[in-house]
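For reference, the structure discussed in these notes is given below.
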């Protein structure tokens, strides 16, 4: 996921927020994660940022095609991840790889793509990524909201109502 546009205040009292998209790629009860060439080889959810005039669905399809060389079947809108610490709001979609296709990492941004059991996620992986995976698997009927105030502390809300602070 390349860096996004500068998010400094554009006018007094207003802040620019970058808009991103993330895919939870599910297959046989496992979650697909990509190991990136940046951020110390951290494992993360595939996705990226919207380009000017692009819809979230088209942005997700473009990013996945660029990074993994496959098309995805989008099953549902799953929720929102709000990273306050870097002014980012990402829409999260539950997806699966289209039948007959195999992810092929681009070798530039993405070094490797593998499926993992949700209880055996690889390291290094961020707290936001763990929280998003947990929320997608837990809240199947309604969208969730995951909010992170710092890269390692956050809370999420979903169909159960009250917020929950993950223990990561």
Inset, instruction - Would you mind listing how long segment 18-157 runs along its three principal axes, going by Cα atoms, in whole Å with the largest first? - result: 38, 37, 33
Legend entry - Sorted by Cβ density within 10 Å, fewest first, the residues 67, 120, 54, 27: 120, 27, 54, 67
Inset, instruction - Return 81, 96 ranked ascending by Cβ neighbour count within 10 Å, so the fewest neighbours appear first. - result: 96, 81
Inset, instruction - Give the percent of DSSP beta bridges with both residues in segment 18-157 that are antiparallel, rounded to the nearest 5. - result: 65 percent
Legend entry - Cα→Cβ-extended label distance, 7 Å offset, between residue 73 and residue 29, nm: 2.0 nm
Legend entry - Exposure proxy ranking, count of Cβ atoms within 10 Å, fewest first, for 123, 86, 106: 123, 86, 106
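Laboratory data are not the source of any read-out in this text; all were calculated from the coordinates shown. None of the values given here were measured: they were computed from a predicted structure. In this analysis, Cβ positions are derived from the backbone assuming ideal geometry, glycine residues included, and neighbour counts consider all displayed protein chains.
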